[in-house]
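Single-structure report; data block below.
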Amino acid sequence: MLASKTASLILNFKTIQWVGESPGFVRMVEQTLLPQEFIEVDIRTVEEMVDAIYRLAVRGAPAIGVAAAYGVLLGVQDCQRLSSDSLISTLDEVCSKLAAARPTAVNLFWALDRMQNRAQRDFEAGLETEALLEALQQEARSIFDSDVDTCRRMGEYGAELIKNGQTILTHCNAGALATAGCGTALAPIYQAHADGKRVAVWADETRPLLQGARLTSWELLQAGIEVTLITDNTAGSALRAGRIDCIFVGSDRIARNGDVCNKIGTYPLAVLAREHKVPFYVVAPLSTFDPNILEGADIPIEERNESEVAEIGGQRVAPEGVSVYNPAFDVTPAHLVAAIVTEHGVIENPNLSKVEAVLRSAGRIE
Ligand code: MRU
């Protein structure tokens, strides 16, 4: 598919990158400080990477996958003197630590599996430690590079769903800050803009951690795209008033039947979209699909600290002693989803057989 200009040209920051060869380190945008401060932090150990993922310095499913792959490199790069057996055991320990960082975004586990499978395959083929370390570097680089390319392809497919002059509602941040490339849900918007279409975005603030207010509105402004910030509570009346033409969101895990897990507050948007006959689109790479989970109810939902709800910007807003329920994600049933845009094309009205067909053709299932 030919695009007049690719979306990646619009953005001028790197969410996450590997610096140096081996030994090297990870440099990432410290997302907890945006938009007040744009600071990059250097991550040099597995423990620092686990902490960065948990506290959302790096966040968004595909970026978490890349961070996990780089976290593996940090954990094994000093192992040159170990036997290949010991390297494989160290790799297992490193992967277990990284896997505990956050439970919902399946890209984390997908990337760790890729790193482990690569090392195991090459180990069984008789490669020694140095060659195994080189193979792991290649695998991590490939995870990063393919994410950049995947975002571009999702952008091209998704842009075809956007008409000139449309206003798009989005939730949380599923943009460049959530990937190594130009985003998932925001990629079609960047591509439509690059293609010369007039597009406007309405961004939900996304309580409790305000990824929409802090991150989505920041990166859209960087890219010169018109963005209007609303409280999460405003989406319903905006839809009812006919101010939104379509909704684009990302995902942290998609079940085999097409149920979509994404940031808490996504499900009510899908219900509202159905009521107001507005298409609800999900944009996600195949690395976000979990072939081992049949339906959304089985997706593990992260519950985070109560202070995220009881406080705003470090200021307590709820009385001491109140109980707080703080799930970070919810599940939207497949029947509310108009289409899932992937790097392999668009799955309209997703269901079990359509998702399985795409996963099969991409070699993710037999
Ligand atoms: O808790 P976060 O900020 O990691 O949640 C991120 C989201 O919910 C995104 O919508 C999702 O990861 C898709 S991002 C490309």
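The values are calculated or read from the model by the stated rules, or taken from the named source; none is laboratory data. None of the values given here were measured: they were computed from a predicted structure. Here Cβ is always computed from backbone atoms with ideal geometry, including for glycine, and neighbour counts include all displayed protein chains. Heavy atoms of the whole protein, side chains included, go into the accessibility calculation; ligands, DNA and RNA do not. Shrake-Rupley method; radii C 1.70, N 1.55, O 1.52, S 1.80 Å.
Looking at (1) touching a strand residue (DSSP E or B) at 6+ places or on another chain (Cβ under 9 Å); (2) open to solvent by 60 Å² or more (accessible area, probe 1.4 Å); (3) touching a residue at least 40 places away in the same chain (Cβ under 8 Å), which is the one condition that is false for E348?
(3)
When you scan the stretch 322-330, do you find a residue that is part of a helix (DSSP H, G or I) and touching a Cys at 6+ places or on another chain (Cβ under 8 Å), even just one?
No, the stretch 322-330 contains no residue that is part of a helix (DSSP H, G or I) and touching a Cys at 6+ places or on another chain (Cβ under 8 Å).
Looking only at the stretch 185-213, filter to residues that are within 30 Å of V324 (Cβ to Cβ) and of a type in the set (D, E, K, R); which one of those is surrounded by the most Cβ atoms within 10 Å (Cβ to Cβ)?
D204
Residues being more than 14 Å from the ligand (Cβ to nearest atom), surrounded by fewer than 24 Cβ atoms within 10 Å (Cβ to Cβ) and not charged (D, E, K, R): count how many of those fall in the stretch 245-267.
Narrowing the stretch 245-267 to residues more than 14 Å from the ligand (Cβ to nearest atom): 245-246, 255-259.
From the residues that got through so far, the ones that are surrounded by fewer than 24 Cβ atoms within 10 Å (Cβ to Cβ) too are 245-246, 256-257.
Now narrow it down to the ones that are not charged (D, E, K, R): 246, 257.
Selection size over the stretch 245-267: 2.
Provide a single number: the residues in the stretch 281-292 that are touching a residue at least 60 places away in the same chain (Cβ under 8 Å) and farther than 18 Å from G155 by Cβ.
3
For the stretch 170-184, state whether one or more residues are farther than 29 Å from F25 by Cα, within 16 Å of the ligand (Cβ to nearest atom), open to solvent by less than 30 Å² (accessible area, probe 1.4 Å) and not aromatic (F, W, Y).
yes
Can you work out which of the residues in the stretch 73-124 that are within 16 Å of the ligand (Cβ to nearest atom) and of a type in the set (V, I, T) is surrounded by the most Cβ atoms within 10 Å (Cβ to Cβ)?
V106
Looking only at the stretch 293-336, count how many residues are buried (at least 16 other Cβ atoms within 10 Å of the Cβ) and without any contact (Cβ under 8 Å) to a residue 24 or more places away in the chain.
Result for the stretch 293-336: 1.
Being open to solvent by less than 10 Å² (accessible area, probe 1.4 Å) and part of a helix (DSSP H, G or I) narrows it down to one of A57, A131, A67, so name that one.
The unique qualifying residue is A67.
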